[in-house]
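Engineer: Can you read through this structure? Questions will come right after.
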Amino acid sequence: MAVNMRARCFILAAAFWSAPLMAAASPLILDDRSSGTLCATSDATPGACWQAITDTVMGGVSDGRIAAALVEGRPCLRLTGRVSLENNGGFVQASLDLDKSGLLDARGYAGVEIEVFGNGESYNLHLRSADTRIVWQSYRAGFQAPAHWQTLRLPFSSFQPYRIDQPLDPSKLRRLGLVAIGREMRADVCIARLSLYP
């Protein structure tokens, strides 16, 4: 009887330690845009503020800007600008650091959820992790931004490695970028809420 009980305990312990990480019960808000500023309102990214980055850092001529805005009654972050392919350029980006207090461990989540409003163009969400050590490395997922508010879910499995061999490791996320990239276009896209979903 005692041997049976010990065997059962051993089997239960082995099952516990070999099981995958439990999924989170509720979303993790990265920015709910309630601040009314360019800084995120979130426990996950304390003190983090959005930054505008364009291809001018590598000699391009695209122009982009970000602003806290109100679109159809909803507070949001708005990225606008013009993407040009001249001088080997081709992007404008709104970027948010996720690692103010260390790398963000998102293993308990399935992906990124965004509430988005745009101009009908295609955009990207880029993730950077501890593995992306060179500026042009990232993990990329594309989406369409319709001219009305819509909630989109981008699973981590949909983020494709760009100029990096390692697959995305959600346990060590550093930065997230909302990007208009790769073709001549007028960028105009808003995010009202950004979170990780279970």
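The values are calculated or read from the model by the stated rules, or taken from the named source; none is laboratory data. Here the structure is a predicted model, which means the values were calculated and not measured. In this analysis, Cβ positions are derived from the backbone assuming ideal geometry, glycine residues included, and neighbour counts consider all displayed protein chains. To get the accessible areas, we keep the full protein, side chains included, count just its heavy atoms, and leave off ligands, DNA and RNA. Shrake-Rupley method; radii C 1.70, N 1.55, O 1.52, S 1.80 Å.
Engineer: Within the bounds of segment 41-54, is there any residue that is out of contact with any helix residue (DSSP H, G or I) (no Cβ under 9 Å at 6 or more places or on another chain), more than 19 Å from residue 140 (Cβ to Cβ), free of Cβ contacts under 8 Å to residues at least 40 places away in the same chain and among the small types (Gly, Ala, Ser)?
Structural biologist: yes
Engineer: Of the residues in segment 111-142, how many are open to solvent by 20 Å² or more (accessible area, probe 1.4 Å), free of Cβ contacts under 8 Å to residues at least 60 places away in the same chain and either within 11 Å of the chain's Cα centre (by Cα) or within 22 Å of residue 40 (Cα to Cα) (or both)?
Structural biologist: 4
Engineer: For segment 33-64, give me each residue that is of a type outside the set (A, V, I, L, M, F, W, C), modelled with pLDDT under 95 and closer than 16 Å to residue 97 by Cα.
Structural biologist: Those that are of a type outside the set (A, V, I, L, M, F, W, C), modelled with pLDDT under 95 and closer than 16 Å to residue 97 by Cα: 41, 42, 43, 45, 46, 47.
Engineer: Six or more apart or on different chains, Cβ atoms under 8 Å: show the pairs whose first residue is in segment 168-196 and touching a residue at least 60 places away in the same chain (Cβ under 8 Å) and whose second is part of a helix (DSSP H, G or I) and open to solvent by 10 Å² or more (accessible area, probe 1.4 Å).
Structural biologist: 170/156
Engineer: Sticking with this one: Does segment 38-60 hold any residues that are surrounded by fewer than 14 Cβ atoms within 10 Å (Cβ to Cβ) and part of a loop (DSSP other than H, G, I, E, B), and which are they?
Structural biologist: The answer is 43, 46, 47, 59.
Engineer: Having 2 or more residues that are of a type in the set (Phe, Trp, Tyr) is the bar; report the strands (runs of 3 or more DSSP E) wholly within segment 126-173 that clear it.
Structural biologist: Numbers: elements: 138-144, 150-155, 160-162.
Where strands (runs of 3 or more DSSP E) fall fully within segment 126-173 and carry at least 2 residues being of a type in the set (Phe, Trp, Tyr), they are 138-144.
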